[in-house]
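Notes follow the structure.
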Amino acid sequence: MTTTVKTPLPTSDALRSRVRDALTAVGSSVTLGDPGAGGLTASSPINGDVLFTLRESSIGDVDAAIAEAAHAYTTWRLTPAPVRGALVARLGELLVEHKAELAALVTIEAGKITSEALGEVQEMIDVCEFAVGLSRQLYGKTIASERPGHRLMETWHPLGVVGVITAFNFPVAVWAWNTAIALVCGDTVVWKPSELTPLTALGCQALLQRACADVGAPVEVSRLVLGEREIGEKLVDDPRVALVSATGSVRMGRQVGPRVAARFGRALLELGGNNAAVVTPAADLDLAVRGIVFSAAGTAGQRCTTLRRLIVHSSIADELVAKIVAAYRQLPVGDPFAEGTLVGPLIHERSYRDMVGALQQAEAEGGEVTGGERHDVGDEGAFYVTPAVVRMPGQSAVVHTETFAPILYVLTYETLDEAVAMNNAVPQGLSSSIFTLDIREAERFLGADGSDCGIANVNIGTSGAEIGGAFGGEKETGGGRESGSDSWKAYMRRATNTVNYSAELPLAQGVTFG
Ligand code: UN1
């Protein structure tokens with residue numbers, strides 16, 4: 001399969017100067033070391049080069065960051081929620097002002113095309129707006145008491161320090177989902193971003209620190225620690241961290257969940273997905289193709305919501321696959337900064353190896369692969385691929401595995417019950433969708449015996465959720481919910497209060513005592 005390849009790629013010097021400009025514009029004073037110097041490396045998947053080195057946090061630094069955040073919490077929790085909202089409102093304004101610079105950092109470190117990188121910053125702005133509104137709506141309930149002269153109610157209080165661990169693929173939005181909400185809830189935050197996206201994190205942190213200074217909030221409400229796994233482990237194990245909100249692989253979640261539970265901390269897990277779309281004979285096929293191509297090939301298949309499995313009725317499978325393959329042929333792959341590019345690079349060589357391995361396994365399991373070739377862009381360390389479509393003879397091991405690369409497995413079904421069962425047959429439960437104009441089919445998919453995912457859509461793809469809904473999924477996806485709706489409740493503690501304003505002391509359940 002041939003696709004247009006956008007080259008030449010930007011040089012490392014050009015990328016370095018964009019990083020310097022962006023970090024200066026957002027007000028970061030971090031020292032950027034030369035590529036050869038020791039420490040944490042900051043690289044770009046655009047050309048695979050190390051751009052800078054940075055000082056890595058020590059365990060002592062994490063300890064100090066938690067202590068500072070815990071101390072800031074003692075005053076922040078008493079700051080009225082709408083006043084806390086003013087900090088997030090200011091952060092939102094700064095994000096609007098610096099949208100382009102932050103998006104450039106996202107493109108450089110995560111390889112997202114400009115439109116998607118801007119979209120990710122927009123997602124931050126949206127969640128800030130949401131959180132500001134929320135700062136006046138942290139409602140509790142008043143409940144009818146069974147006793148005269150008694151009032152029963154629920155109050156919501158801040159929780160403490162929130163440890164936020166984020167992945168490379170949404171290096172800024174997921175931090176914002178957590179941080180904007182945590183801050184209005186009266187919590188303070190210690191953030192450990194992916195070691196693959198430290199520059200982007202420094203940019204975000206600089207803007208939040210400026211917002212703190214502008215509104216007079218303590219800068220310690222937000223701390224950033226940079227480094228590898230052991231830095232995250234410190235957050236996971238430290239009893240001062242009340243909530244660990246972790247986004248990443250199922251493997252990572254399997255470690256984090258039990259370790260946080262062992263100390264009776266709270267964990268909010270947002271792990272892998274193996275998302276499917278069902279396409280029925282009643283679908284608007286052209287609309288379905290557009291939705292499928294964005295969800296499957298967009299972000300080079302590196303969203304947790306990426307469409308990985310297409311479950312299509314056998315009567316339309318050939319036609320639909322032909323349309324998808326034709327659309328894939330038109331996809332410009334290459335420099336994510338170049339106008340018109342729709343598919344940027346894979347994050348690193350390991351990701352490319354995983355893709356090759358999965359395609360080989362799919363072939364061994366009887367799959368017919370179209371696409372999936374690597375493009376020679378003149379840089380050994382950069383991995384650009386044509387998204388792959390793989391027709392599978394049926395369910396198989398590779399189809400049930402999440403490979404974080406643009407591979408779309410196609411399976412066919414005969415009855416809708418069978419399609420729903422196939423949708424639910426994977427260990428993960430993040431996102432799903434059905435393309436149909438038949439209301440009965442759509443409602444069947446959304447019902448209690450329909451899709452078992454945290455997200456179930458009709459006539460749109462599996463990715464690109466708005467921030468207003470709760471985001472997350474079931475089964476191995478971890479069960480957490482972030483961002484909109486009532487996800488804020490995970491960031492607060494609930495107290496049930498019974499107030500007796502009578503002169504009697506009636507006991508509940510009619511109990512008499514002396
Ligand atoms: C992720 O991939 O971790 O729904 C988050 C989406 C985005 C968020 C994805 N709004 O695709």
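The numbers here are math on the coordinates, done by the rules we state, and not lab data. Predicted model, so just to flag it, every value in this text is computed and none were measured. Positions of Cβ are backbone-derived with ideal geometry, glycine not excepted, and every protein chain shown enters the neighbour counts.
Values as computed for the structure displayed
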quantity	calculated
Potential lengthening between ASP34 and ALA338 on full extension [0.36 nm per residue; Cα-Cα distance subtracted]	106.8 nm
Estimated FRET transfer efficiency (LEU285, VAL96; beta-carbon r; R0 56 Å; 0.05)	0.90
Under 13 Å from LYS141, Cα to Cα: aspartates and glutamates that are on another chain or at least 8 residues apart	GLU154
Full-stretch length increase - GLN255, GLN395 - with 0.36 nm per residue and alpha-carbon distance subtracted	47.5 nm
Residue order, fewest to most beta carbons within 10 Å, for GLU129, GLU368	GLU368, GLU129
Dipole axis of the chain (+1 Lys, Arg; -1 Asp, Glu on Cβ), positive-most option in MET355, ASN500, SER115	ASN500
Cut-off under 5 Å, modelled amide H: who pairs with LEU159 long-range	ASP187, ARG493
Extent along principal axes [Cα atoms of segment 133-278; Å; largest to smallest]	60, 43, 40
Residue pairs, from the table LYS192/LYS475; LYS112/LYS489; LYS112/LYS475, whose Cα atoms sit over 30 Å apart	LYS112/LYS489
Per-residue HN-Hα couplings for segment 40-50 [Karplus 6.51, -1.76, 1.60; θ = phi - 60°; Hz; x = Gly/Pro]	7, 8, 10, 10, 10, x, 4, 10, x, 8, 6
Assigned charges on the beta-carbon of Lys, Arg, Asp, Glu; segment 275-466 dipole about Cα centre (debye)	140
Theoretical FRET efficiency, 1/(1+(r/R0)^6), r = Cβ-Cβ of VAL458 and VAL325, R0 30 Å, to 0.05	0.75
Neighbour-limited loop hits for GluC sites (Glu not before Pro), segment 446-480 (at most 14 other Cβ within 10 Å; DSSP other than H, G, I, E, B)	GLU466
For segment 173-182, Karplus couplings with θ = phi - 60° (6.51, -1.76, 1.60), whole Hz, Gly/Pro x	5, 5, 4, 5, 3, 6, 6, 4, 6, 4
Potential lengthening between HIS71 and LYS141 on full extension [0.36 nm per residue; Cα-Cα distance subtracted]	22.2 nm
Under 20 Å from LYS6, Cα to Cα: aspartates and glutamates that are on another chain or at least 8 residues apart	ASP49, GLU109, GLU116, ASP335, GLU339, GLU349, GLU373, ASP376, ASP379, GLU380
Cα-projected label distance for ARG440 with PHE513, points at 7 Å along beta-carbon direction, nm	5.9
Interchain or long-range residues, amide H under 5 Å from VAL244's placed H	GLY163, ARG266, ALA267, LEU268
Ranked LEU331, LEU15, criterion: other C-beta atoms within 10 Å, fewest first	LEU331, LEU15
Cα→Cβ-extended label distance, 7 Å offset, between ARG353 and ASP21, nm	3.6
Computed label-point distance, nm, for sites LEU152 and GLU418 using a 7 Å Cα→Cβ extension	5.1
Interchain or long-range residues, amide H under 5 Å from SER433's placed H	ALA276, ALA277, VAL278, ASN457
Residues TRP177, TRP76, TRP156, sorted so that the one with the fewest Cβ neighbours within 10 Å comes first	TRP156, TRP76, TRP177
Relative contact order %, segment 275-466, counting alpha carbon pairs below 8 Å whose residues are six or more apart	31
Coil-residue GluC sites (Glu not before Pro) of segment 211-314, DSSP, other Cβ within 10 Å capped at 14	GLU228
Size of electric dipole in the chain: Cβ of Lys, Arg +1 and of Asp, Glu -1, about Cα centre, debye, nearest 20	1380
Karplus-derived HN-Hα couplings along segment 268-275 (A = 6.51, B = -1.76, C = 1.60, θ = phi - 60°), whole Hz, x at Gly and Pro	10, 10, 10, 10, x, x, 9, 7
